[in-house]
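Throughout, read-outs are computed from the coordinates displayed, never taken from laboratory work. Just so you know, these numbers come straight off a predicted model, no measurement behind them. FYI the Cβ positions are ideal-geometry reconstructions off the backbone, even for glycines, and counts take in every protein chain you see.
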Amino acid sequence: MLQIEIHSPALEEEVNALIDVGLYADSHALMTDALEKLVTTKKESRLDAAILLYQHGEITLARGAELAGIHRFEFDVALSTKGISKTIEVESVDALQEGISVVKKVHKPNDNSDEA
């Protein structure tokens, strides 16, 4: 059981008022709700901060996901949802062309598509 001491008379008065008016059954229910909201808000804030740093080019996609505390693909979806395009860096034009060649080899068009 979680026990919390309130050292501010004004805060204690507000907590008691929330319980007295029936918004919460007891102090435990109030604290549970408060902690759940804190964790949710903090996660959203971490994501917002990571997105902002990514937009400014200060961090990579992988680092943004790490800061937000989510998987890289979830971070990718969050960026897409906000209309933010990804930046992909390559070492050189040769590296880019090599990557394009690999993708083309893997994703060859299906020549037999008309035979079905």
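Please give, to one decimal in nm, the separation of the simple spin-label points placed at Leu18 and Lys82, each 7 Å out from Cα toward the Cβ.
2.8
What spacing in nm lies between the two simple spin-label points modelled at Lys104 and Leu35, each 7 Å away from Cα in the Cβ direction?
5.8
So which lysines pass the test for Lys43, namely a Cα distance under 19 Å, with those fewer than 8 places away in the same chain ruled out?
Correct list for Lys43: Lys82.
If contacts are Cα pairs under 8 angstrom and at least 6 residues apart, what is the relative contact order of the chain in percent? Numbers along the way, then the final one.
Numbers: 52 pairs, mean separation 13.7, N = 116.
For the chain, the relative contact order is 12 percent.
Mind sorting His71, His56 by how few other Cβ atoms lie within 10 Å of their own Cβ, fewest first? Show your work: numbers first, answer last.
Values: His71 11, His56 8.
By the 10 Å Cβ count, ascending: His56, His71.
Which of the helices in the chain meet the span-like rule: DSSP H, Cα axial reach of 15 Å or more, Kyte-Doolittle mean at least 0.5? Let's see the in-between values first.
Details: long enough: 9-20 (16 Å, 0.07); 27-55 (42 Å, -0.04); 93-106 (20 Å, 0.53).
Span-like helices in the chain: 93-106.
Going by average Cβ neighbours within 10 Å, how do the peptides 12-22, 74-84 rank, with the highest at the top?
Details: 12-22: 12.0, 74-84: 13.9.
Taking the mean over residues of other Cβ atoms within 10 Å, the ranking is 74-84, 12-22.
For the chain, take the convex hull of the Cα atoms, compute a quarter of its surface area, and give me that in nm², please.
Details: hull surface 61.0 nm².
Convex hull of Cα atoms, orientation-averaged projection: 15.3 nm².
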